[in-house]
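Working notes, structure below.
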Amino acid sequence: MKFCTKEWYEEMQIAGIMCIYETEEEWEEYLAYFRSEGIDYLQSQRELLEEKKEHLLTYLPEAFHPYIHDGTLNAIYPPPELKEMAKQWKQDYDDRMRKVAETYNGYYKSIQNELPPNAVKLFENTLHDAKFTSYDRPDEATFILYLDCRGSYHYFTDIKITFHGVKHLELPDLPENTWWLYDEIYTIDGGFELRVLLDSLEAFIISAVDVEIEALGELPSR
């Protein structure tokens, strides 16, 4: 992956933890809502911090580390100094991510007309949150993916994706129900290259001449 990298994804998960409430009243209302739902929000936040501790220490500046080590980064209403640091970090993060998106989107627009029409369809009808169910390679030039798109943003049924004229394939371990997270597409001589970040944070990469997308179930009425 060139843009949607493992590090990009890990930092995005950290950004989701850095939720800063404007007022203490807003924070208390938030806690009260979860209590009314029978949820111990503070305990869930402590567990989340422990789960993401390594990444928090990797991606957040050292000034945050005492709050990570003592478990207060996301489990108290932040003191003024933490609130200000978090706001600044989040602004810097948003600026960096916007530049990444603008750079790739600019590249994609520059190559869109050079891509096979079905490759454009594959990329623009995002498969984010689709699940891999199986795959097949009947011959060296053909690779077939089967996906469950019921929880995705398009198709909402099982689909079959057949890559024709396969030139290159990097296939990590793909156990059933591996999630398709984010993808990038590039032009190559005589075709296209698709790169997919999986929930294992490994990348599935394939170069092919063309691609065919087939819905295997009835498409839901919209």
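The values are calculated or read from the model by the stated rules, or taken from the named source; none is laboratory data. Bear in mind the structure is a predicted one, so any value in this text is a computation, not a measurement. Neighbour counts are summed over all protein chains in view; Cβ atoms, including those assigned to glycine, are modelled from backbone coordinates with ideal geometry.
Rundown of residues vs (1) farther than 17 Å from residue 125 by Cβ; (2) exposed (fewer than 15 other Cβ atoms within 10 Å of the Cβ); (3) not assigned by TED's automatic domain parsing to the domain that holds residue 119, yes/no style:
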| residue | (1), (2), (3) |
| --- | --- |
| 168 | yes, yes, no |
| 173 | yes, yes, no |
| 181 | no, no, no |
| 184 | no, no, no |
| 188 | yes, yes, no |
| 193 | yes, no, no |
| 198 | yes, no, no |
| 204 | yes, no, no |
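Quick check: anything in the stretch 121-137 in contact with a helix residue (DSSP H, G or I) (Cβ under 7 Å, 6 or more places away or on another chain) and surrounded by 13 or more Cβ atoms within 10 Å (Cβ to Cβ)?
no
Say we look at the stretch 206-222 and pick out the residues that are free of Cβ contacts under 8 Å to residues at least 60 places away in the same chain and of a type in the set (D, E, K, R); which of these is surrounded by the fewest Cβ atoms within 10 Å (Cβ to Cβ)? Applying the filter and picking the extreme gives 222. Do you know which residues across the stretch 147-171 are without any contact (Cβ under 8 Å) to a residue 60 or more places away in the chain, within 15 Å of residue 131 (Cβ to Cβ) and within 19 Å of the chain's Cα centre (by Cα)? Result: 147, 148, 149, 150, 151, 152, 153, 154.
Of all the listed residues (53, 90), the sole one being farther than 30 Å from residue 121 by Cβ and touching a residue at least 60 places away in the same chain (Cβ under 8 Å) is 90.
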